[in-house]
Amino acid sequence: MTRGAPFRIGAHVREALRAARPVVALESTVITHGLPRPRNLEAALRLERVVEAAGAVPATVGVLDGEVVVGLARDELERLATASAEKASLWNLAAVVARRGCAGTTVATTLWAAERAGIDVFATGGLGGVHDAPFDESADLAALARHSVLTVCAGPKSILDVPATLERLETAGVPVVGYRSDRLAGFLVPTTDLPLPARVDTPDEAAAVLQAQRGLGLSSGVVLSNPVSSGLSREELDGLRQRAEAELRSRGVRGRDATPFLLAELARISEGRTVEVNTRLLEENAALAAQVAAAYRRLAAGARPVGGRA
C-alpha cells in the first residue's frame, strides 16, 4: 500500500463483499476511548461475534500507522486496544494519517469508510449531535447527511440536546426511522417523547427504506432508531445527567471534550449502570444491523436496480 492510498479493506471483508455477503461496519472508539483495558478488547470481540451469529461479516474500522483499515484482523484489534490512540473524526483524519498515527474511528469516519468500501449497514451505540451549553455540534450529523449507509443506533447520546439533534437531521434530509417504535430511541433510556415520521417492524422493511433512498438518488444515509430493550428510567437519567453536567461546568470542560467527559462521569456516578446499558444496546444494535444487512443483500439480489447502488 503506497502512502498515496492509505486505505485498506481487510481480506475477510474484501472476500465477503466480492461474494455479495452481508457486511456490518463497526466503529472503534469503543476500543480506544469507550472502555478501560482489557474490557475494551473483550467488548470489540463480542460485538464481532454478535454480528457473525446474526449472519453477517463484521468490519471493525480503525487507523493503524496512518492507514485506515476496514475490517481489522484479530491481531490488529489487539494492537489498537493497547495503543496510545487518538480519536479520528473526519476533521482530523488526514492529520492522523499524515503523521502515521493510530486512532479509533468515530461515527462520522466509520460512515465515510463504510461507504468507500461498499458496505451498506453500520452499527453503533448512540449518535453524536448538538450540545446545548456550551454549544458543540458533532461531525456525525454532516456525515449522516453525506454518506449513503444505513446506521443502526439507539438514538442520540443522552447527554445531548436531543430535540435539536433530531431537528438538525431533519433539516439535513436524513430520514430517521423507528424500529418497532413510533418514538425516537433515547440511548440510555428506551425511548424519548419525540415522535418519528416513519416506522418499520422488520429488517426487510428497514432494508427497503435504504433501497428506496438510494433508488431516488438521495445522497444521505438512513438512521434506524432501535430502542434498548432494558435501560434506565427517565427520572434516574435526569438525576444522573444533572450531576454530571454540574461537574462539567465546575471543571470548565468544553467543545469536543464534553461528550467523553460526560459519559465517563455518568458511568462513575451510576456505579457502572450506564456502561451496562451501553453494552447491551451495542450488542442489540449489532445484531439488528446484521439482519438488515442480510435483508438488503437479498433485496438487492432479487430486485432490478432503479438507481444508486441498490
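Here are some notes:
- Interchain or long-range residues, amide H under 5 Å from residue 198's placed H: 178
- Heavy atoms of residue 280: accessible area, 1.4 Å probe, square angstrom to 10: 80 Å²
- Pair residue 180, residue 243: separation of 7 Å Cα→Cβ label points (nm): 3.2 nm
- In the stretch 99-164, the portion of solvent-accessible area held by carbon and sulfur atoms comes to 49 percent [1.4 Å probe, whole percent, DNA, RNA and ligands not counted].
- Filtered trypsin sites (Lys or Arg not before Pro), the stretch 56-120: DSSP coil and at most 16 other beta carbons within 10 Å: 99, 100
- Burial order of peptide ranges 62-72, 159-169 (average beta-carbon count within 10 Å, highest first): 62-72, 159-169
- All-pairs alpha carbon distance profile, the stretch 202-310, 10 Å steps from 0, percent: 13, 30, 22, 21, 13, 1
- Mean separation of Cα pairs under 8 Å and 6 or more residues apart, divided by the residue count, gives the chain a relative contact order of 19 percent.
- Accessible area of residue 201 (1.4 Å probe, protein heavy atoms only, ligands and nucleic acids ignored): about 60 Å².
- Among the trypsin sites (Lys or Arg not before Pro) found in the stretch 186-236, not one is both in a DSSP coil and sparsely packed, with 11 or fewer other Cβ atoms within 10 Å of its Cβ.
- For residue 228, the amide hydrogen comes within under 5 Å of the amide hydrogens of 186, 187, counting only partners 5 or more places away or on other chains and with H modelled in the peptide plane.
- Amide H to amide H, with H built 1.01 Å from N, residue 132 comes under 5 Å of 161, counting only residues 5 or more places away or on other chains.
- Packing here is the average count of other Cβ atoms within 10 Å per residue, and on that basis the peptides 38-51, 285-298, highest first, run 285-298, 38-51.
- Across the stretch 44-137, the volume of the C-alpha convex hull divided among the residues equals 118 Å³ per residue.
- Note: relative contact order over the stretch 17-154, using C-alpha pairs below 8 Å and six or more positions apart, is 26 percent.
- Rounded to the nearest 10 square angstrom, residue 209 shows an accessible area of 40 square angstrom against a 1.4 Å probe.
- Between the stretch 106-158 and the stretch 171-221, the Cα center-to-center distance that results, in Å: 14 Å
- The radius of gyration of the Cα set in the stretch 162-229, together with its Dmax, comes out at 11.8, 34 angstrom.
- The chain: calculated mean residue ellipticity at 222 nm from DSSP helix runs of at least 4, using -39500 (n - 2.57): -14000 deg cm²/dmol
- Accessible area per residue in Å² at 1.4 Å probe, computed on the stretch 85-167: 30 Å²
- Hull volume per residue, based on the alpha-carbon atoms of the chain and their convex hull, is 121 Å³.
- Think of a 1.4 Å ball rolled over the protein heavy atoms: the stretch 179-310 then has 49 Å² of accessible area per residue.
The values are calculated or read from the model by the stated rules, or taken from the named source; none is laboratory data. Model, not experiment: these values are computed from the prediction. Glycine also receives a Cβ, built like all others from the backbone with ideal geometry; neighbour counts cover every protein chain displayed. Protein only, heavy atoms only, side chains kept; ligands, DNA and RNA dropped before computing areas. Shrake-Rupley method; radii C 1.70, N 1.55, O 1.52, S 1.80 Å.
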